[in-house]
C-alpha cells in the first residue's frame, strides 16, 4: 500500500514530535504493509511556517536515517497545503508542494467554515494543470451544508481523500457517516492515514482498506490504497486511472433523486411493478435520519 497523507516528519507541525516518534511511525507503516509514504506536514501561515524547501530537506534527512536504521520505507515529498489567496502562484513557485513533484496536490480547507470562492480556487488549480486532492472532506464541520458543493467539485475533476480512521469511528459518528456516504456514492479516490503518531492517530491504512472493502468491494478498496496512489506518484493522468465506483444502493438512490428533481414525485415508480420506488423512498428517509 501507499499512504499519500502523513505527518511523519519530526518537529515540523502537530505530527511526530521528535525523531523517536518518526521512527516508531515508520516501523508501524512497514508492519501494516505500507511501502511508500508521502511526507505531508502542514503549510499554514501564522501557525506552521513550513515551506517546500524545508520539507524537502527534512524528508531527505529522515530517509537517510531510515536507511541507516534498516527501515524499508520509501519517502516522497508533499504537504498538507492549507488554502491561501495565492495558492496557485505559491504552488508554482515551490513554496507549496505537490505530491512527489507531480500534478497532484493535497488541499486542506478550513475545518469549521467553508471558505468563500472555494470552487473558483479549485477551478484555477485545474486550469493550471494540477489535480487537487481535497483532504478528509468527511471530517469538515460544514460538509452537510455544502455537500452539493463537494459533489460538484468531484464531477469537475477534484479528487477526494478520506481518512482511514474515519471509517473506524475514530473521529466520531458524523465523520464515519460522511466517509461511508462518500464511498457509497463513488466520490472517494484515495484513502490515507493522516497519521500523526503511534498512539492517538497511528498508521492504520490496512484497517481503512478493509472497512472500505465491505462497502465497495476488494478491488475498489485496493484502488484507493495502491492503484491510484501509485498512479499519482508516477504522475499518470486521471483519465488513465480507475474511476471510483460506489455501491448498488447508491445507484438506486441516485436514480430516485434524479426522478424527484425532474418533478416525478417524492417516490420514483418503475415499470416493473416490483415496488422498488418504495425502497428508494425508504433509503431516502433513512439517509435523512442519519444526517
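Being in a helix (DSSP H, G or I) and without any contact (Cβ under 8 Å) to a residue 60 or more places away in the chain: is that true of residue 182 here? In short, yes. When residues in segment 202-220 are screened for being under 15 Å from residue 168 (Cα atoms) and in contact with a helix residue (DSSP H, G or I) (Cβ under 7 Å, 6 or more places away or on another chain), 12 of them pass. The lone criterion from (1) closer than 29 Å to residue 209 by Cβ; (2) in contact (Cβ under 8 Å) with a residue 24 or more places away in the chain; (3) loosely packed, with under 13 Cβ neighbours inside 10 Å left unmet by residue 122 is number (3).
Filtering segment 218-251 to residues that are within 18 Å of residue 180 (Cβ to Cβ) and either in contact (Cβ under 8 Å) with a residue 24 or more places away in the chain or buried (at least 19 other Cβ atoms within 10 Å of the Cβ) (or both) leaves 220, 221, 223, 224, 225, 244, 245, 246, 247, 249, 250.
Taken together, the values in this text are just the output of simple stated rules run on the coordinates, not laboratory data. Just so it is clear, the structure is predicted and the values come from calculations on it, not from any experiment. Ideal geometry is used to build each Cβ from the backbone, glycine not excepted, and the neighbour counts take in all protein chains shown.
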